[in-house]
1. If residue 41 satisfies all but one of (1) surrounded by fewer than 18 Cβ atoms within 10 Å (Cβ to Cβ); (2) closer than 28 Å to residue 418 by Cα; (3) not aromatic (Phe, Trp, Tyr), what's the number of the condition it fails?
2. Being among the β-branched types (Val, Ile, Thr) and either closer than 11 Å to residue 30 by Cα or surrounded by 17 or more Cβ atoms within 10 Å (Cβ to Cβ) (or both) is the filter here, so list the residues in the range 193-214 that pass it.
3. Do we have residue 286 as aliphatic (A, V, I, L, M) and part of a loop (DSSP other than H, G, I, E, B) here?
4. For residue 172, all conditions in the list (1) part of a helix (DSSP H, G or I); (2) free of Cβ contacts under 8 Å to residues at least 40 places away in the same chain; (3) farther than 19 Å from residue 299 by Cβ hold save one; what is the number of the exception?
5. Test residue 68 against the stated conditions and say whether it is modelled with pLDDT under 95, over 25 Å from residue 280 (Cβ atoms) and not small (Gly, Ala, Ser).
6. Tally up the residues in the range 249-283 that are within 14 Å of residue 233 (Cα to Cα) and loosely packed, with under 14 Cβ neighbours inside 10 Å, please.
7. Looking only at the range 97-124, count how many residues are of a type outside the set (Lys, Arg) and modelled with pLDDT under 95.
8. Search the range 400-420 for residues that are closer than 14 Å to residue 5 by Cα and polar (S, T, N, Q) and pair each with any residue that is modelled with pLDDT under 95 and surrounded by fewer than 17 Cβ atoms within 10 Å (Cβ to Cβ) when their beta-carbon atoms are under 9 Å apart and the residues are at least 6 apart or on different chains.
Amino acid sequence: MRLKITGLNPLSGLVKIGGAKNAALKVMAASLLAGGSCRLMGIPKITDVNTMADVLRGLGATVDFQQDSSILIDPSGVNKLEPPEESVIKMRASIQVMGPLLARFGYVRTRQPGGCDIGPRPIDLHLKGFSALGAEIKKEHGYISAKASKLKGTEILLDVPSVGATENIMTAACLAEGITVLRNAAREPEIIDEQNFLNRLGANIKGAGTDTIKIEGVRELKATEYTIIPDRIEAATFMLAIAVAGGEALIENVIVEHQQALIAKLRETGMELIEGDNYVIVGRPVEKRLKATNIRTLPYPGFPTDVQPQFVAAMSLAEGTSEIIEGVFPLRFKYTEELTRMGAKATVDGKLAIITGVPGLHGIKLEAPDLRGGAALVLAALAGEGVTELKGLKHIDRGYEDLPGKLRLLGASIERTGIRKELQAG
């Protein structure tokens, strides 16, 4: 399976953003705590969602994809406390079932999770939180187990504001006895979304979106319906597609507050932006080059690491030189090797990349190294003279719901070649 992209076609039109990958996966895992069947709306049709569905089914839960694009998850049949290994090794988010299983059953065992190779992502902070709540942690032969007869609320200070650890500890503490105070918590919007979902189940959580979250344990949780927030990374990717290819687009279903770090930087480059209640209009005249600017990726509300590769694709065509500092995942610059083969000028030294803009790129045969790096190469190909063939679509399909199709609606010349694997589970 490949993408065939013919560049130098300006983009214009309207695109609607889907539900957030990083919220959907965590809410699906958290549904294991529910006292009945949950209906989740706004879940994107991506392979990571299918993988999470396989994880839940492997535990004994029922997962049904509906005609209206919602998902019904019934955890009442859970009878296994070790998620299926073949699913766990595909996706890091599978580790999020640990907290709910530990809270509900007092035991969980899993192997170390997989995911994109963008740098070390240990789960020590997850385990430190479980241990503080009273769980006994064991590590052996690549597997991890946590066991507790009864979790008890406590104060937990995270060494760094880890998103995954914050979410996993929140779910574990929902049914713990007493109050848990989680300090130096991550502040990402997806954590607020998970808090809102858990509270709809009957949990008592306050403070998500700040660095201190208070969880008062409850005896049991119920079923609910819930709609996932829009995907801020998908929205950012389309904003940067306009920056790279030129043109103008109305991007709908956007929480504009989540885009402020990117919007500020795009304005520095000379992009034209109009912010609405739930949309943003982004424009760049084709004849006008961007101006180079610098970024440093940081945890939210800083510039998101998941948007860094796409931003570099834009800066590779800007006038001047940009300094890009990766403050979250040190191996995130792998994609620049492919970008330079297209004619970009990029020098990487550890966490720093120096990007000197060039007037244009050229199409060649490429391979996506990971999810966001793959998206960056798709954007670069939109501005490449000639045809680009991109392999490694399995990475892109993990996090984007039909990225080629949505770009085609904006006027891009992009198509899949080969047999497409169905992304919607049945």
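The values are calculated or read from the model by the stated rules, or taken from the named source; none is laboratory data. Quantities reported herein were computed from a predicted structural model and do not represent experimental measurements. Positions of Cβ are generated from backbone atoms using ideal geometry, with glycine treated the same way; all protein chains shown enter the neighbour counts.
1. With respect to (1) surrounded by fewer than 18 Cβ atoms within 10 Å (Cβ to Cβ); (2) closer than 28 Å to residue 418 by Cα; (3) not aromatic (Phe, Trp, Tyr), residue 41 is out only on (2).
2. 205, 213
3. For residue 286, the condition - aliphatic (A, V, I, L, M) and part of a loop (DSSP other than H, G, I, E, B) - is met.
4. Residue 172 satisfies all of (1) part of a helix (DSSP H, G or I); (2) free of Cβ contacts under 8 Å to residues at least 40 places away in the same chain; (3) farther than 19 Å from residue 299 by Cβ except (2).
5. Answer is yes for this residue.
6. So the count comes out to 2.
7. 13
8. 417/1
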